[in-house]
Amino acid sequence: MCQHQTQCPSADSPDRDAAQVVAHHPEQGWSLLCNGVLLFEDTGELLPNGQIIAPHRPLGIELIVTAA
């Protein structure tokens, strides 16, 4: 699907989020990557084969609680 000179990672690659954005709709909360992945602002993904990847955003340091 990718036509870039250095090909972007495929949709089934672990680094699929590194593909170039071909359509960006921040008002709707999603971007389409050149490998066919729909990337949502909550870091969830919809792969071209219909597989859903749950959001995987990292926890901010302010959300980490340590026991005293």
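Extending 7 Å from the Cα toward the beta-carbon at both HIS25 and THR6 defines two label points whose distance is 3.0 nm. Summing charges over all other residues whose Cβ lies under 13 Å from the Cβ of LEU47, with Lys and Arg as +1 and Asp and Glu as -1, gives -2. Stretching LEU32 away from ILE53 to a fully extended chain increases their span by 6.1 nm, per 0.36 nm per residue minus the current alpha-carbon distance.
A short reminder: the numbers here are calculations on the coordinates, not readings from a lab. Keep in mind the model is a prediction, meaning the values are calculated, not measured. Quick reminder, even Gly has a Cβ in these numbers, built from the backbone with ideal geometry, and neighbours come from all protein chains shown.
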